Each structure stands twice: as C-alpha cells, then as structure tokens.
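Working notes for the structure below.
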Amino acid sequence: QQFLPGESVPQRWWTAFGDTTLDAAVERALQANPGLAASLATLRAAQESVAAQRAAAWPSVQLGLQTARAKAGGTGAGANVVPGTPPAGSDPGGAYSFHTAQLSVGFTPDVFGGNHRLVEGLQAQAQVQRFQLEAARTALAANVVGAAVQDALLRRQRALLEASLQDGARALDVARRQWQAGAISHLDLSLQENALAQLRQQLPPLQRQFEQNRDLLQALLGDGPDAQAPAFDLDRLALPTRLPLVLPGALVERRPDVRAAQAQLQAASAQVGVAVAARLPQFSISGELGGGAATVAQMFSPGGRFFALMAGVLQPVFDAGALQHRESAARANLDAAAAQYRSVVIAALQNVADALHALQADAQALQAAGEAAESAVRARDLTRRQFGHGYLDRVALISAEQAARQAQAALAQAQAARLADTAALFQALGGSEPPAR
C-alpha cells in the first residue's frame, strides 16, 4: 500500500476493494438504511425552520372577513331610541347583522439584528444536521465494509475448521483400526479422540459469531431477519494499494464531525447575539384598512371605511436580571462549543494517526503471518511423510496439523484486519466529499 499525500478520497471509496458484491451492498445500505432516512428527514425539518424564521424579516399581511349577528339592549318594539341603537335595516326585535372586512399589515424592523442572528443560528443547526448526515453515510459504508470483511473471515475460519473436522474424523477412524490391530497404543487413540473433541468445541461459538454478524449485515442493509444478506469471500476482496493521505489542515476542513462541531460553534455564537438583542428596544409598525356596515354592499361606503396606523417601541426595564442571565448562559454555551470544537479536532487527528499506525502494524503482521503459515504447512507435510514412514509418532502429527490450522487461521485474521483497517482509514479521513447540492 502506498500513501499519497494530498490525494482526494474517491467518491465511492469502497469500490477500491474490487468486489462488485460489496459495491452493491454498500449502495443498497445507503438507499435503504432507516437511520439515514431519519437523518435526512431531520435535515429537511431544520432547513424548513430556517426558511420559516427568515420569513419573519418581511412584513406580514392578513386579510380578515367577519360577519356578526347581534342584538343591542334597549331596542325593540316600544323602546326609546337612544345613541348606540342598531342601524337601519334591523328587525323590530332589535337584532341586526354587521359585516367587517379589513386588511392588516404588520412589520417588526430587525433594528439590532436579533432575527438575523436567530436565522444564522438556525442555519448553523441545519449545517450540523447536514454534516451529521454525511458522517452517518460514511460510517454506514465503513460498517458495511467491516461486516463484509468479517463475514468473509468467519466463512474462511469455518471452512478451515470443517476441513479439520473431516481430517480429524478420518484420522480417528484410521487410529481406531490401528488400535484394534494392535499397531498403536490406547494413549495414541485417546490423543486423537481428544484432538477431534477440541475441534468440535470450536464450531458452536464460531457459528454463533457468524450468524450474529449476518444479522448485523442485514440490519445495516435495512432488511429484516428473514432477508438474505450477500455472502463474501476473502479471496475476492482486494487490498487497496493507493491510499489518500489528507494533511491536518485539509482534514479539519473535510471531516464531517469537525465541520458539525464548527457549525455548532457558529450556532452558539448566534445565540449570544439573540440574547443581546433581546435586551435592546423592540420596534413594531402595524396598520389596518377596511370597512364595516350592516350590509356587504355598504362596507366600503364613505361612512363604513376605517383605517389605523400604529407604531410602537418596547424596552425591557425590570426583569429581575433574567435577560442578563440568559446572555451569560449563551456566552457560557459559546465557551463550551469552542472547547468541544477543539476536542473534536484533536480526536479527528488522533483517529487518523491510529488508523495509519494500525495499517503499518497490519502490514508487518500480515507478512509475519504469511511466513508462519508457509512454514507451518511445510512442517505439517514433512511430519505426515515421516509419520507414514514410521519415524514420528501420532502425537507429533497431531501437533503439526494443529499448528498448520492455527497458522492458516492467523493468516486469514491478518488479511481481514488489514482490509478492515483500510476501510477505517477512509472513514477517519472523513470519507469522500459529498456531491454539491
């Protein structure tokens, strides 16, 4: 593997593993995983909240129409005519109808920027949701790759164990015939039986781990327990040889969790501005234009028209320090967001460093495991030949076979670890840059 400083992460970085089954699984998870669907809906809700708050900067216009049926006291047959009696057209009982139509316009000037900072804060929260969605997508892809690698590893381990069980069963049959013929001792037969029993003990926990990983893979793909998850083979998973290496400055700009923490810091700063503006005078302007009459046709006659124009200012005078404390709380939240941002940046740099160190150790471990597996297989083959010629006893043969199996399992484990840690590096680098929206 070669590290390429400044190289950009591929948009579909999981295709570097060269397995079309894996590519299809990741794409399927990105489309069907319910966790991503929930994050996307949360992002849309945050964006709509921004649009709703931005509308507060514009005047509000309302059109109202009201019809009332009423009866005034002191009216009706035989009643004295006094001021306030119903208009012409009322019935003898004093009941009358009154229709009102009016246009209301209200505007609250954002003199000290309170609404502007509130919109800024909501925009930052929407950015937080967007970056969290990107982080969830990258994590989901990495988890699918990790589960696929684990599936391939467990299949390899299970195949090795099942082959060892078959070899052990055949060897036990031979040993029993030899014991019955008096060619070997009962100790040799017991050793062969014990070796086979130990192999059988390894199968149930390995099968449980395999099934649980299959359940995890199905859940990542957004499927239920009855669905069939794809199967993976360790030999079909290629090791990516060209690995991007993002510099620390670029890492801070591209990691979605770092960018989310930065947006959270901006949101906290905006809340300080909102708290400051709340302590300053609030201005308002409103106006009404309309008409009212006993009949709809007379509502806008000269006698029924009306208008009103109002301007107001509201200045908090005494609130027992509530607004000041809210401002202090907002500033404390800003300090906390700044500290959290620094913490996330440090964790991101540590994450990448850990991934690089893991890959370096994986390369050394894989080389050592390959050499150990080759030597163990050679030793097993030599032991089998010597045992066949009678130069070694069965204990030596059983020991050599167990060593070869363990070496092959360790080699598969080293291969899987390097593949999984490569996926972890792509995730640590922040995944690929999302397409422009």
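Please calculate how many Å² of accessible area the chain carries per residue, with a 1.4 Å probe and no DNA, RNA or ligand atoms counted.
With all protein chains present, the chain gives 56 Å² per residue.
Hey, what angle do you get for helix 186-220 against the long axis of the chain, alpha-carbon based, 0 to 90 degrees rounded to 10?
Approximately 20 degrees, to the nearest ten.
Which percent of the accessible area of the chain is formed by carbon and sulfur heavy atoms (probe 1.4 angstrom)?
56 percent
For the chain, find the longest principal axis of its Cα atoms and tell me its angle to the long axis of helix 114-180, 0 to 90°, nearest 10.
Here the helix axis deviates by roughly 20 degrees.
Roughly what would the spin-label model give for Gln350 and Ala363, points 7 Å off Cα along C-beta, in nm?
2.5 nm
Taking 0.36 nm per intervening residue step and subtracting the Cα-Cα distance, what contour gain separates Phe107 from Ala41 on full extension?
Here the answer is 20.6 nm.
Roughly how big is segment 280-437's charge dipole about its Cα centre, with Cβ charges of +1 (Lys, Arg) and -1 (Asp, Glu), in debye to the nearest 20?
320 debye
Scattering from the C-alpha atoms of the chain alone, worked out with Debye: what is log10 I(q)/I(0) at q = 0.09, 0.13 1/Å?
For the chain at q = 0.09, 0.13 Å⁻¹, log10 I(q)/I(0) is -0.82, -1.16.
Need the full-extension length gain, Arg236 to Leu309, defined as separation in residues times 0.36 nm minus the C-alpha distance. One decimal, nm.
18.5 nm
Find the Rg to Rh ratio for segment 1-73, where Rh is the Kirkwood radius over alpha-carbon pairs and Rg uses the same atoms.
In segment 1-73, Rg relative to Rh is 1.46.
Calculate the radius of gyration of the Cα atoms of segment 361-414 to one decimal place, then report Dmax, the largest Cα-Cα distance, as a whole number, both in Å.
When restricted to Cα atoms, segment 361-414 yields Rg and Dmax of 12.7, 42 Å.
Using the Karplus curve 6.51 cos²θ - 1.76 cosθ + 1.60 with θ = phi - 60°, work out ³J(HN,Hα) for each residue of segment 326-338 in order, rounded to whole Hz, and write x for Gly and Pro.
Those phi angles translate into 5, 5, 4, 5, 5, 5, 5, 5, 5, 4, 5, 5, 5 Hz.
Can you show me the helix-derived [θ] at 222 nm for the chain, built from DSSP H runs with n ≥ 4 at -39,500 (n - 2.57) apiece and divided by the number of residues, rounded to the nearest 500.
Helix-only estimate at 222 nm: -22500 deg cm²/dmol.
I want to check the label-to-label distance for Glu253 and Leu323. Put each point 7 Å from Cα in the C-beta direction and report it in nm to one decimal.
4.2 nm
Just to check I understand the Karplus step: with θ = phi - 60° and J = 6.51 cos²θ - 1.76 cosθ + 1.60, what whole-Hz values come out for segment 395-406, glycine and proline as x?
4, 5, 5, 4, 5, 5, 5, 5, 5, 5, 4, 5
Stretched out fully, how many nm does the piece from Ala227 to Leu289 gain, at 0.36 nm a residue minus the Cα gap?
Between Ala227 and Leu289, full extension yields an extra 15.8 nm.
Starting from the exponent 0.38 and prefactor 2.2 Å, build the expected Rg for segment 92-138 from its residue count and divide its actual Cα Rg by it.
2.57
List the GluC sites (Glu not before Pro) in segment 1-72 that DSSP assigns to loop (not H, G, I, E or B) and whose Cβ has at most 14 other Cβ atoms within 10 Å. Which are they?
Hits after loop and neighbour filter: Glu7.
Among Ala270, Tyr96, Trp14, whose Cα projects farthest towards the positive end of the dipole of the chain, with charges put on the beta-carbon of Lys, Arg (+1) and Asp, Glu (-1)?
After comparing all options, I get Tyr96.
How far is helix 34-54 tilted off the main Cα axis of the chain, in degrees rounded to 10, range 0 to 90?
Helix 34-54 sits at roughly 30 degrees to that axis.
Any idea what the relative contact order of the chain is, in percent, if you count C-alpha pairs under 8 Å spaced at least 6 apart?
Reported as a whole number, the value is 26 percent.
The values are calculated or read from the model by the stated rules, or taken from the named source; none is laboratory data. Computed from a predicted model, the values in this text were never measured in an experiment. We place every Cβ from the backbone using ideal geometry, glycine too, and count neighbours over all the protein chains shown. Just so you know, the surface numbers come from the protein's heavy atoms only, side chains and all, with ligands and any DNA or RNA stripped out. Shrake-Rupley method; radii C 1.70, N 1.55, O 1.52, S 1.80 Å.
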